[in-house]
Number of protein chains: 2
Amino acid sequence: MHIQRAVSILVIGTVALDSVETPFGAAHRLLGGSATYLALAARYFWPEVRLVAVVGRDFPAAYRAVLERAGIDLEGLMVNEQEDTFAWGGRYHYDLNERDTLYTHLNALASFDPVLPQTYRDSQIVCLGNLDPRLQQRVLDQVENPAFVICDTMNYWIEQTPEALRAVLRRVDCLVVNDAEARQLATEPNLIRAARKIQAMGPRIVIIKKGEHGALLFYEEEIFSAPAYPLEDVFDPTGAGDTFAGALAGFLATQRGFDETALRQAVIYGCALASFVVERFGPERLLGLTPEEIARRVAAFRRLTFFPNGDIQTLLALSGSDHAS
Amino acid sequence: MHIQRAVSILVIGTVALDSVETPFGAAHRLLGGSATYLALAARYFWPEVRLVAVVGRDFPAAYRAVLERAGIDLEGLMVNEQEDTFAWGGRYHYDLNERDTLYTHLNALASFDPVLPQTYRDSQIVCLGNLDPRLQQRVLDQVENPAFVICDTMNYWIEQTPEALRAVLRRVDCLVVNDAEARQLATEPNLIRAARKIQAMGPRIVIIKKGEHGALLFYEEEIFSAPAYPLEDVFDPTGAGDTFAGALAGFLATQRGFDETALRQAVIYGCALASFVVERFGPERLLGLTPEEIARRVAAFRRLTFFPNGDIQTLLALSGSDHAS
């Protein structure tokens, strides 16, 4: 296989059947899971995306075909014929910022022991979707020489497996969490201090996702604040965080390095793709996006944050001088 | 009196004695109130700031001197010798995003009937601080030809005097509210839709303050998203919103018009001054700021939101082409 640069992206996480209720409707047994969103988003920027996950005997052939048609390498998608596919049900509140988990049927996920196909072991960019940190560790152990490791986690692992999570964090370049998780992981209410404390745990890059308020990137000493795209119609926030991380990974694959400049842009592409995915139930919006739509949305992010240079010295001199005479 | 341009700013609101408890300490009988913060912030940008408010017999001469030394016109500061000064006590929670009001002693505010001095009636920029909308109306009635009206309000007036509030809004150019108030006023959980509904009530400009998440400016059809300055130490959020609105008014006074370009910049100056005021209890930080400090902070806002232009077409073409051969 000859690709332009020897970069490939490995995503590990869940492939799930999601049932979602929102104030706008409900949808059942949608294609979902962190690995699904990670891979479908990354694929918009980079062709070489390898997936590691497990599904069960009930996983629809049509969903497998969706991932195949998107060009995702499914050699690492295991099928457990003794179990059903991991299934998650959730209900979103009135303002879509909070959700209740209605059920979590681990099914095939309960005995998931990720073994990387030989062809995956040279992956450069590794996206560790939200999973038991011991599984995230096991995946990292099988990658020969990862150049950039992105990691997600959640409150459950912060509470239940803090030691294993700390061990993973020491091997992570970029942790992507939401604001509540950052506060919990750092036991610190101030988000800026929380990010600094997490950086001291290992990841030199911390990205805090804030839903409708955008995202904060902490790159060593620097901070970048990305807005959320102002959406009047959010249908289903499921998968927005994984879409963000997948687009981030995909964009970074196109760059020469993982420096601050690349990361700032990557965060904007992450926000852009996340803003699309919430417009429909499930990953539907990630299947038919055009480059022009993405380009237009990124341009909208630029307009959204633009402010002109003022002549601050003149301005402040004015207020300091004596105008009464 | 000869000023460079015939612009003056009128602020109306409360001058109060605030007692504040935060996780970091407590302070009692601080100089506070919406008119205080509005005027002290506006004064950084524009020399002609006129204040209308009432205080009581217990208002310290030292606090009056603070306002005088800042160059604020106090001809409209009434003193009610029968009553004490409006006093407010509040306690902030652990993460400083929520607060409980411990007491509100209206005192002199209960019988406040704002009468504008003759010299105030030609004011161009009018800042209506959070007050009974019937009083806000009465002030507007006394201004001959206001060029730009900025208005604040709160949940109490949204619930208790909805009709009076609607009547004020029809005469307002720019409403400045926080996110919860915007949702409540518009009875709409989505902030973008809420802003659109509020614009339909009168104000062509709506600014939604989101505390640690920054602010959103809705200028006719356009949206501008301003970040919050990433502060590791927030001591006392009291007055941040009024400081924001005061700086906005002060900056606008220096501009040729109230167009979108001016408003985008004004919002950044508002966020910048608000980011200073929360660093200390009360308005202390607004008394000794230098132009250089403000300029540095505005420059920091620019770094905070900067992202480079990517070559999106090349990038997306890349992912669309066939790299395997």
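Some points to look at:
- Among the residues making up segment A:131-165, those that are part of a loop (DSSP other than H, G, I, E, B) and among the hydrophobic types (A, V, I, L, M, F, W, C) are A:Leu131, A:Val143, A:Ala147, A:Met154.
- The numbered conditions (1) touching a helix residue (DSSP H, G or I) at 6+ places or on another chain (Cβ under 6 Å); (2) more than 25 Å from A:Leu140 (Cβ to Cβ) are all true for A:Val49 except (2).
- The residues listed here are A:Val172, A:Val168; of these, the one that is in a helix (DSSP H, G or I) and either touching a Ser or Thr at 6+ places or on another chain (Cβ under 6 Å) or farther than 28 Å from A:Val20 by Cβ (or both) is A:Val168.
- Conditions (1) within 19 Å of A:Phe24 (Cβ to Cβ); (2) in contact with a Leu (Cβ under 7 Å, 6 or more places away or on another chain): number failed by A:Phe224: (1)
- Residue within segment B:76-87 that is aromatic (Phe, Trp, Tyr) and either out of contact with any helix residue (DSSP H, G or I) (no Cβ under 7 Å at 6 or more places or on another chain) or without any contact (Cβ under 8 Å) to a residue 60 or more places away in the chain (or both) present: no
- Residues of segment B:273-290 satisfying the condition of being within 10 Å of another protein chain (Cβ to nearest Cβ) and touching a Phe, Trp or Tyr at 6+ places or on another chain (Cβ under 8 Å): B:Leu289
- Those residues of segment A:220-250 which are hydroxyl-bearing (Ser, Thr, Tyr) and in contact with a Cys (Cβ under 8 Å, 6 or more places away or on another chain), in sequence order: A:Tyr229
- Restricting attention to segment A:16-40, the residues that are of a type in the set (A, V, I, L, M, F, W, C) and in a strand (DSSP E or B) add up to 7.
- For segment A:41-85, the tally of residues that are within 15 Å of A:Ala253 (Cβ to Cβ) and assigned to a helix (DSSP H, G or I) stands at 2.
- Strands (runs of 3 or more DSSP E) wholly inside segment B:176-268 that include at least 1 residues being more than 10 Å from every other protein chain (Cβ to nearest Cβ), within 15 Å of the chain's Cα centre (by Cα) and on the phi < 0 side of the Ramachandran plot: B:205-209, B:215-219
- Test: residue in segment B:194-202 that is closer than 15 Å to B:Asp152 by Cβ, touching a residue at least 40 places away in the same chain (Cβ under 8 Å) and touching a strand residue (DSSP E or B) at 6+ places or on another chain (Cβ under 6 Å): no
- Scanning segment A:263-302 for residues that are among the aromatic types (Phe, Trp, Tyr) and at pLDDT below 95 yields one hit, A:Phe281.
- Count of segment B:166-216 residues which are of a type in the set (A, V, I, L, M, F, W, C) and over 27 Å from A:Ile192 (Cα atoms): 15
- Within the set B:Thr243, B:Thr261, the sole residue that is touching a residue at least 24 places away in the same chain (Cβ under 8 Å) and among the hydroxyl-bearing types (Ser, Thr, Tyr) turns out to be B:Thr243.
- A:Thr104 meets all of the listed conditions (1) touching a residue at least 24 places away in the same chain (Cβ under 8 Å); (2) surrounded by fewer than 20 Cβ atoms within 10 Å (Cβ to Cβ); (3) away from chain B (no Cβ under 14 Å) but one, namely (1).
- Residues satisfying the stated conditions in segment B:30-58, i.e. within 14 Å of chain A (Cβ to nearest Cβ), farther than 18 Å from B:Leu289 by Cβ and more than 16 Å from the chain's Cα centre (by Cα): B:Glu48
Conditions tested, residue by residue: (1) at pLDDT 95 or above; (2) of a type in the set (Lys, Arg).
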site	(1), (2)
B:Leu40	yes, no
B:Arg64	yes, yes
B:Leu67	yes, no
B:Asp84	yes, no
B:His93	no, no
B:Leu109	yes, no
B:Phe112	yes, no
B:Ser123	yes, no
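- Sub-9 Å Cβ pairs linking a first residue in segment B:39-58 that is without any contact (Cβ under 8 Å) to a residue 12 or more places away in the chain to a second residue that is surrounded by fewer than 24 Cβ atoms within 10 Å (Cβ to Cβ) and among the charged types (D, E, K, R), at least 6 apart or interchain, number zero.
- Note on segment A:1-29: among residues that are modelled with pLDDT of 95 or more and within 14 Å of chain B (Cβ to nearest Cβ), the one that is nearest to A:Gly250 (Cα to Cα) is A:Ile9.
The values are calculated or read from the model by the stated rules, or taken from the named source; none is laboratory data. All figures in this text were calculated on a predicted structure; none of them were measured in a lab. Don't worry about glycine lacking a Cβ; one is built from the backbone with ideal geometry, like all the others, and counts go over all protein chains shown.
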